[in-house]
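The block underneath contains the structure these notes are about, expressed in structure tokens.
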Amino acid sequence: MLNNPAKNTMKKLFLLTAIIGFVMCGCKKDKDELDVNQLHGKWKVTHVEIDGSYQSWLLTSTYITFYSDGSYYGSGYFGTGSGTYKVAGKTVITYVGNSEYYRYDVLSLSSNNAELKMYDNDKPSSSIKIRVSKQ
């Protein structure tokens, strides 16, 4: 991540938001598209992959809420703040102001749980995986 603590916090917040967004997204009949309506609501980050295994202790109270108007709000371990988002295929793209912040690819989705890959579009090889559950 970046050395700028404020930007790092915002990126973490957007990561959380994106993760929750992916969890909330259900698949349409076209399996290449997420149903944005399934994204709406409050999501909790439950696990983050570290060195190839998922750890739950880092994110005990990290949440993101996606609203139907295209905005979101996140709070917890990754920081507190808001922005906007859009869904493209199976990817949730988050924004702060007019700048793209992070992308979240949906790796798996079942019921109220999801596994996501979070990354900066400029550095897709620097990604992390997270798991979220709908509250």
Q.
Along the Cα→Cβ direction, 7 angstrom out, place labels at residue 68 and residue 51. What is the inter-label distance in nm?
A. 4.6 nm
Q.
Using a Förster radius of 22 Å, what is the FRET efficiency between residue 126 and residue 32 based on their Cβ-Cβ separation? Nearest 0.05, please.
A. 0.30
Q) Which order results if 116, 109 are arranged by neighbouring Cβ count within 10 Å, fewest first? A) 109, 116
**Q.** Debye equation applied to the C-alpha atoms of segment 36-97, log10 I(q)/I(0) at 0.13, 0.17, 0.19, 0.26 Å⁻¹
**A.** -0.39, -0.65, -0.79, -1.11
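Any read-out appearing in this document is the output of simple, stated calculations on the displayed coordinates, not a laboratory observation. Only a predicted model underlies this, so the values are computations on that prediction, with no experimental measurement involved. Please note: Cβ atoms are built from the backbone with ideal geometry, for glycine as well, and neighbour counts cover all protein chains shown.
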